[in-house]
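Asks: This structure is in structure tokens; I'll ask about it shortly.
Derivation of every value follows stated rules applied to the coordinates shown; laboratory data play no part. This is a predicted model, so every value here is computed, not measured. Cβ coordinates were reconstructed from backbone atoms using ideal geometry, including for glycine residues, and neighbour counts include every protein chain displayed.
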């Protein structure tokens, strides 16, 4: 078959779909957990599901509350591979407290940006990292106050955090927005948080591989 | 190790224009006249349009007067569904539209649009090979059905539907029959008259013609309403100044398709089968999607467990191999291919699906190159997968 665009004007030459940094991490991912490698993790975290098309597993080695080494595996797209690779470089050498606060935005910045619709793929890496830190603290019977330290308030009127919503989803206490509202009363006062909560709810349902149900119809109130 | 090469295997997305098509278009480049004008420059352009119409009619076996030029199959599909809508609005006793779960978005999205406006739609499911469930179709057919719309060959799996048989059933209950034959044109014989179709859609760029030009074939007797309004072109049914160069190009593409149909079919099938066998032999756990007996000759859809499709696509791209995937990640949505899921494919396998679509300009060396390059890519992706592949 003929090659492409031999006579093509320079102005039509396409960039790669992602930035050069993303491409580099995608082609040469750092800190992959190689099969058969002698790496004993002090803490392990796994998030996502194959159904959602993205799954991430991270193992960390911790010394004096510092992440001295880490490894990861993923079932995911180029953005997931690149963002976890970049995150693994950022997290190495951080204290667990610092690492816990690592955000997808920081990882995306280190990659020189991701397309908007790909941002979703970069949230799993830092979630898996936090899960690994949680696991490490649990294994060492230590109190974990990091979780609440990074929780974000989504509904200010009724004090509903992202952490609380995720917990309700993970433990199957809510499967649709009506149930979430009945339990947390989000959005029932000023209503400003409705879109934020709804976006976050669907994102987490997806990441946790849960199925959204149709709310049961309530009898008209007398 | 083969030398690096560029291998375009995404011909179901679009094809490169045949050099013969380009030459034909360049030949008419100075015929700038409006084909609707009465003066000589206009009449020259009109002759180009007339020739294109005959070439298309000859390819799909219909009368040249049954060919209506559109901007592409998306417009053609929209036009057909709009005809059904207007007939229903005018009070037709038949008010139900039947389609399938694996149609192109040009149909499924239009159908959803109608459904949201309370038009009655039946979506017939497919079996695990992507074939329409005929018993479900028969159950759905009845005296209130206005239109049956089923694609000829599927763009993802390549599965070919028994259009002639479906058309017979549709007509037996008095319904109109439409088929979106976009992917089938130039690959298998498509016969408007023998299949007794009322409407057929196709696009030029899927068979080595230019982009932005397509056809809606409409049986003389079948109802017609314009989808857009304007001038008197195409009998007033499809207004807009004639796209002379585009029509010249799609006409030439049709002529080439007709001339080489059997030869091209056999060549595509030979390459496709070599690729299928080669990848099944070298990649443990690989599965082939879609019906393998009734299949477009150049289409091969495969899934690779423990490997995600977008990663496969981009690693292949690095090697100069261009394919597409049913993975959600590549589309920007959160759901993988609805076509593969409709056939009951496991969601993980849908995320890990890759479509190879071969075309006229592929060679056996291209196939060898893919068989050499893909297995190490899958192995590499699997080696960093949370679910290492256990064969």
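Asks: If packing is taken as the average count of other Cβ atoms within 10 Å, what order do A:40-50, A:59-69 fall into, highest mean first?
Replies: Numbers: A:40-50: 19.3, A:59-69: 16.8.
Put in order of decreasing packing, that is A:40-50, A:59-69.
Asks: Please give the length that would be gained between residue A:216 and residue A:35 if that part of the chain were fully extended, namely 0.36 nm times their separation in residues minus their C-alpha to C-alpha distance (nm, one decimal). Display every interim value, and only then the final one.
Replies: Details: separation 181, 0.36 × 181 = 65.16 nm, distance 4.71 nm.
60.4 nm is the gain from fully extending residue A:216 to residue A:35.
Asks: Would you list A:75, B:338 from fewest to most Cβ contacts within 10 Å? Don't skip to the end; give the middle numbers.
Replies: Numbers: A:75 30, B:338 17.
Arranged by neighbour count, lowest to highest, A:75, B:338 become B:338, A:75.
Asks: Right, next: In whole percent, what relative contact order does chain B give with Cα contacts below 8 Å and a gap of six or more residues?
Replies: Details: 801 pairs, mean separation 87.5, N = 391.
Here the relative contact order equals 22 percent.
Asks: Okay, moving on. In the protein assembly as shown, what % of DSSP beta bridges are antiparallel (nearest 5)?
Replies: Numbers: 41 of 59 bridges.
Roughly 70 percent of the beta bridges in the protein assembly as shown run antiparallel, per DSSP.
Asks: With axes computed from alpha carbons, what is the tilt in degrees of helix B:40-60 against the longest principal axis of chain B, rounded to the nearest 10 within 0 to 90?
Replies: Taking Cα atoms only, the helix is inclined about 50 degrees.
Asks: Between residue A:27 and residue A:199, what is 0.36 nm times their sequence separation minus the Cα-Cα distance? Round to one decimal in nm. Could the numbers behind the result be given before it?
Replies: Values: separation 172, 0.36 × 172 = 61.92 nm, distance 3.21 nm.
Taking 0.36 nm per residue and subtracting the Cα distance, the gain is 58.7 nm.
Asks: Another question about this same structure. Once fully extended, how much extra length lies between residue B:280 and residue B:36, figured as 0.36 nm per residue of separation less the alpha-carbon to alpha-carbon distance?
Replies: Working: separation 244, 0.36 × 244 = 87.84 nm, distance 5.53 nm.
Extra length available between residue B:280 and residue B:36 comes to 82.3 nm.
Asks: Can you give the mean number of other chain Cβ atoms that lie within 10 Å of the Cβ atoms in peptide B:310-317? Intermediate results must be reported in sequence, preceding the final value.
Replies: Working: counts 10, 9, 2, 3, 11, 4, 0, 3.
Across the residues of B:310-317, the mean count of other-chain Cβ atoms within 10 Å is 5.
Asks: Given a Förster radius of 22 Å and the C-beta distance between residue B:93 and residue B:168 as r, what FRET efficiency does 1/(1 + (r/R0)^6) yield to the nearest 0.05?
Replies: Working: r = 22 Å, r/R0 = 0.99.
FRET efficiency, residue B:93 to residue B:168: 0.50.
Asks: If I take R0 = 56 Å and measure r between the Cβ atoms of residue A:178 and residue B:273 in this structure, what FRET efficiency does the formula 1/(1 + (r/R0)^6) give, to the nearest 0.05? The partial results should precede the final answer.
Replies: On the way: r = 53 Å, r/R0 = 0.94.
In this case the efficiency is close to 0.60.
Asks: Sticking with this structure for a sec: Across the residues of A:72-85, average count of Cβ atoms on other protein chains within 10 Å? Walk me through the numbers on the way to the answer.
Replies: Details: counts 2, 6, 6, 15, 10, 13, 10, 4, 4, 7, 0, 0, 1, 1.
Mean shielding by partner chains, rounded to a whole number: 6.
Asks: Extending each Cα 7 Å along its Cβ direction at residue A:106 and residue B:335, get the distance between those two points in nm, one decimal.
Replies: 3.7 nm
Asks: Next up: If one computes P(r) from the Cα atoms of the protein assembly as shown, what percent of pairs lie at distances over 39 Å?
Replies: On the way: 77134 of 187578 pairs.
Tail fraction, whole percent: 41.
Asks: Please state the relative contact order of the range B:1-145 as a whole percent: Cα pairs under 8 Å, 6+ residues apart? Could the numbers behind the result be given before it?
Replies: Working: 111 pairs, mean separation 20.1, N = 145.
Relative contact order of the range B:1-145: 14 percent.
Asks: With a point put 7 Å past each Cα toward its Cβ, work out how far residue B:133 is from residue A:171 in nm, to one decimal.
Replies: Placing both labels 7 Å along Cα→Cβ, they lie 4.0 nm apart.
Asks: For the range B:14-28 and the range B:249-269, compute the distance between their C-alpha centroids and round to whole Å.
Replies: 14 Å
Asks: Can you sort B:134, B:25 by how many other beta carbons sit within 10 Å, fewest first?
Replies: Numbers: B:134 15, B:25 22.
Fewest to most other Cβ atoms nearby, the residues stand as B:134, B:25.
Asks: Given a Förster distance of 30 Å, report the FRET efficiency between residue A:20 and residue A:151 from their Cβ-Cβ distance, rounded to the nearest 0.05.
Replies: Details: r = 35 Å, r/R0 = 1.18.
E(calc), rounded to 0.05, equals 0.25.
Asks: If you don't mind, another one. Helix A:123-139 against the longest principal axis of chain A: what's the angle in degrees, Cα atoms only, rounded to the nearest 10?
Replies: 70 degrees
Asks: Quick check: Cα centre of the range B:191-221 to Cα centre of the range A:151-207, how many Å?
Replies: One Cα centre to the other: 50 Å.
Asks: Also, I was wondering about something else. Pull up the DSSP beta bridges for chain B and report the antiparallel fraction as a percent, rounded to 5. List each step's numbers first, then the result.
Replies: Values: 22 of 39 bridges.
Around 55 percent antiparallel, to the nearest 5.
Asks: Under a crude label model (7 Å from the Cα following the beta-carbon direction), how far is residue B:260 from residue A:192 in nanometres?
Replies: Going by the 7 Å Cα→Cβ label model, 6.5 nm.
Asks: Still on this structure: Cα centroid distance between the range B:84-141 and the range B:290-361, in Å?
Replies: 26 Å
Asks: Please rank B:107, B:325, fewest neighbouring Cβ atoms within 10 Å first, as an exposure proxy. Display every interim value, and only then the final one.
Replies: On the way: B:107 24, B:325 28.
Placing the least packed residue first, the sequence is B:107, B:325.
Asks: Follow-up. May I ask for the angle, rounded to the nearest 10°, between helix B:105-116 and the longest principal axis of chain B, with both axes built from Cα atoms and the value confined to 0 to 90°?
Replies: For B:105-116 against chain B, the angle is about 70 degrees.
Asks: Ranked from highest to lowest mean number of other Cβ atoms within 10 Å per residue, what is the order of the peptides A:140-146, B:14-20? Present the calculation step by step, with values, prior to reporting the outcome.
Replies: Numbers: A:140-146: 10.4, B:14-20: 16.9.
Going from most to least packed, we get B:14-20, A:140-146.
Asks: Go ahead and estimate [θ] at 222 nm for the protein assembly as shown from helices alone: -39,500 (n - 2.57) per DSSP H run with n ≥ 4, summed, over the residue count, rounded to 500.
Replies: Working: 21 runs with 246 residues, N = 613.
When only DSSP H runs of four or more count, the value is -12500 deg cm²/dmol.
Asks: Label the range B:19-257 by shape, choosing from rounded, prolate and oblate, from the square roots a ≥ b ≥ c of the eigenvalues of the Cα gyration tensor; if a/c is under 1.5 it is rounded, and otherwise prolate applies when a/b is larger than b/c, oblate when it is not.
Replies: Details: a/c = 2.26, a/b = 1.60, b/c = 1.41.
Prolate.
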